[in-house]
Structures are given as structure tokens and as C-alpha cells.
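All remarks here apply to the structure that follows.
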Amino acid sequence: MRYGRSAAVAVTGILALTACGGSDGADSGAASSGKPRIKLVINGGLGDKSFFDSAYEGLKKAEKDLGYELKVVELGSDRTKWEPGFEDAASADDYDILAAGTFEVTEYIGELAPQFPDKKFWLFDAPVDYSGKNGACSNKCENVYSVTFKQNEGGYLAGFLAEKLVAAKSLKGAESLKKVGVMPGVKIPVIEDFVVGFRAGFKDAGGKNSDVLVQYVGGDKPFGDPAKGKEISTSMYGQGAALVWPVAGLSGLGTFESAVTAKRYTFGVDSDQYQTLTDQAQKNTVVTSILKNVGTALYKAAQADQKDSLKYGAVDTVGLAEDAVGYVDDDHFRELVPEKTRNEVQEAADKVKSGSVTVPSAF
């Protein structure tokens, strides 16, 4: 089995949504319909062709297949608007389930969930503090479902593949290069987990730690600054990187622009970015995408919630074994990656999935 390809999601029509308070068109306030209403509140915006777009597609699928109604609220990149935005979203009586993601919103959810005990909250990519010891979750967040991902396992496969590609001199036009780059958004555990996994996979494949370039986007918009992403990636290519892997949301879009100019390569992240990117030249730089199937996890949560089997008041952690992370193996991947290397990466994935290889973590 190839991990993640079947769960990859294509993003279509997302940019047609309005920038703030956008809706996909569903009448989310119509409680009389009897359909469960999900409100996705994004601390940022859609259109990253990666993390948030994956979440949106998973919930759109739940709307289509399972009969939910979906409303999307985009709070934008101004962080001063996030807290009041979440308060307004939670106070409105136009949802049954409020879904949100990233470590940056855990405190908001932890404070709001006890105020609205008749509502349900889904938090993806970070858990609330269920102990209630730090001022939030006064009800121990018994109405909150959290799901986190073993992104270190995906990072391991990225590093393993990167080293095998440069060692085999498989990347056309970059045969003489040995270095690779990773561009994380900011140095916090959930992002650093990608980097730790990448370094471990690169080493296990025979690479040297000194050949892995790492530079963080940082700043006020670590996940929303394509211009800085392009600047950093250009620098990495200039230092001899054959490929750069952005782990930085919208900032990563700058990497694909830079790769075209440098005539080098990239890995996508979270979603199948060969499919979600629209510029053909940028698409062609993507060897594969390391998937973090947020949309799949949310769809499964919707299925479980309908059956009253979703576990609230607890965190669920998923990885390769649950098809929650993986990599894209498609025709484009097969064109760029030799069969021997594909088999080696598959074997590495099988070992991680079976538990015979334990991937180090930043947590």
C-alpha cells in the first residue's frame, strides 16, 4: 500500500470565498433544517493550498456525504483580531460544532468551550489542556475533541527520500548537489517535529546532518509571508540545495516560485501540492508532497460524531498507521523518482508503520 495518495485532496474554488466571515454558501444558521452545523473558524485564510485548505475540503466532504451544513469564518493574518473573532464566532447561535486548528488557538478554545457547554468544539493539530490547571478548560473541556498528528513520521519519509534522491543523483539538473533545505514557519514543537523527523530520515538513508539546511520564516507572519519564503528558499538554493521543503503554510508558496527560477526541486506539505498549485512550472518542481491529512481526520470525526462515538474530553493522535500522514505516489512522482528509490521509501514507510522504526519527536 502507498501511504496517503488516496487521501490527498484537491482544492477547487476556494479562492472564491470572501476574505473574512466567508461562507461556502450553505445556510448555516438554519437550525430548523435539523442538519448538524459545523463552523470552521480559521486564524488566517483559505488559499494556502496546504493545511487549512485540507481542513476545508474534509469538512466540505462531510457536508456533501454526511448531511452537515458548513460555514467558514476567515479571521485573516492580523493576530489582534483573532481573539475577538473567536469570541464572536462562539457567541453566535449558528453552529453546533466549532472547528479550529493550530497551536495558536488552543487557549481561545480552552476558554470558550466551558462557556458554551451545549456546543461541541473540534481542535485539530493541537490539544487543549484537559487538566484545567492553567486557567482554561474549567470544565476540563469535556465538550472538546482534539486530534494531533505524528508529523515527525511524515518528516522522516521526507528526509529519507531527499537523501536517496541526492545520493542517487536522480534530480535532473541538480545531479552534483548534495544539500537539501527545510523551511519551517516558526520554531515550536508541532513544526519542529517535522524537522526532527526529517533529520532522522536523512541520516538513516545515509546522509550527513551538515547537508541539511534549516531556516525559519519567523516574523509577524511566519505562515503567511510568501515573499520571505521566496527569499529564504532562494538563499538555500544559492547555497547548493537540490530541493527545499517548506513547512510554513502560505509562506511556502514563495518556495515554489523560487524553485522555478533556480531550476531546482521542492516537496509539498500537508496537501498534494502538485494538484493544488495552479502554475504548471511550479507544479513541475514538486517531487512529492508529505501529507498531513487534516481533512481526512475531520471527515472521520464527522462520521464518528454522527454515530455518537467521537471521544470528547480527550485527544486522539494519528500517524502513518492510520493513514493520517504519508506521501504522494502518483505518475509525476514515478517520473522523477527511480523505482529502486521508490521501493526504498516504501520499505521505510512500512517499518515506521509497523513500529520497527521509531521516529524521534520534538515533543
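The values are calculated or read from the model by the stated rules, or taken from the named source; none is laboratory data. Fair warning: this is a prediction, and the values are worked out from it, not measured in the lab. With ideal geometry, Cβ positions are generated from the backbone for all residues, glycine too; neighbour counts draw on all protein chains shown. The area values use the complete protein model at the heavy-atom level, side chains included, leaving out ligands, DNA and RNA. Shrake-Rupley method; radii C 1.70, N 1.55, O 1.52, S 1.80 Å.
Here are the numbers for this structure:
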quantity	calculated
Pair list, Cβ under 7 Å, 6 or more apart: region 136-165 residue free of Cβ contacts under 8 Å to residues at least 60 places away in the same chain and acidic (Asp, Glu), other residue open to solvent by less than 10 Å² (accessible area, probe 1.4 Å) and in a helix (DSSP H, G or I)	Glu163/Phe202
Residue within region 133-153 that is at positive phi, in the same structural domain as Ser235 (by TED's automatic domain parsing) and not in a helix (DSSP H, G or I) present	no
Matching entry among Asp65, Asp94 (being at pLDDT 95 or above, assigned by TED's automatic domain parsing to the domain that holds Ser138, among the charged types (D, E, K, R) and not in a helix (DSSP H, G or I))	Asp94
Among the residues listed as Val328, Val337, the single one being among the β-branched types (Val, Ile, Thr) and over 21 Å from the mean Cα position of the chain (by Cα)	Val337
Residues satisfying the stated conditions in region 253-281, i.e. touching a helix residue (DSSP H, G or I) at 6+ places or on another chain (Cβ under 6 Å), assigned to a helix (DSSP H, G or I) and within 24 Å of Asn293 (Cα to Cα)	Leu253, Gly254, Thr255, Phe256, Tyr274
Selection within region 189-238 - among the charged types (D, E, K, R) and out of contact with any Leu (no Cβ under 9 Å at 6 or more places or on another chain)	Glu192, Asp193, Arg199, Lys203, Asp204, Lys208, Asp211, Asp220, Lys228, Glu231
Yes/no for Gly201 being surrounded by fewer than 21 Cβ atoms within 10 Å (Cβ to Cβ) and in contact (Cβ under 8 Å) with a residue 40 or more places away in the chain	no
Residue match in region 220-231 (condition: in a helix (DSSP H, G or I) and open to solvent by less than 60 Å² (accessible area, probe 1.4 Å))	yes
Selected residue [closer than 30 Å to Lys61 by Cα and either surrounded by fewer than 24 Cβ atoms within 10 Å (Cβ to Cβ) or touching a residue at least 24 places away in the same chain (Cβ under 8 Å) (or both)] from Thr261, Thr288	Thr288
Number of positions in region 87-106 that are under 19 Å from Phe223 (Cα atoms) and in contact with a helix residue (DSSP H, G or I) (Cβ under 9 Å, 6 or more places away or on another chain)	6
Residue list for region 320-363, restricted to those being assigned to a loop (DSSP other than H, G, I, E, B) and crowded, with 19+ Cβ neighbours inside 10 Å	Asp323, Ala324, Val328, Asp329, Val337, Val359
Test: residue in region 175-187 that is modelled with pLDDT of 95 or more, in a strand (DSSP E or B) and open to solvent by 40 Å² or more (accessible area, probe 1.4 Å)	yes
Residue under evaluation Asp118, criteria (1) part of a helix (DSSP H, G or I); (2) acidic (Asp, Glu); (3) surrounded by fewer than 22 Cβ atoms within 10 Å (Cβ to Cβ), criterion not met	(1)
Lone qualifier among Ala126, Ala99, Ala113 - being assigned by TED's automatic domain parsing to the domain that holds Val144, crowded, with 18+ Cβ neighbours inside 10 Å and assigned to a helix (DSSP H, G or I)	Ala113
Residues located in region 233-258, provided they are in contact with a Ser or Thr (Cβ under 7 Å, 6 or more places away or on another chain) and open to solvent by 50 Å² or more (accessible area, probe 1.4 Å)	Thr234
Residues being open to solvent by 10 Å² or more (accessible area, probe 1.4 Å) and not hydroxyl-bearing (Ser, Thr, Tyr) - total across region 291-312	10
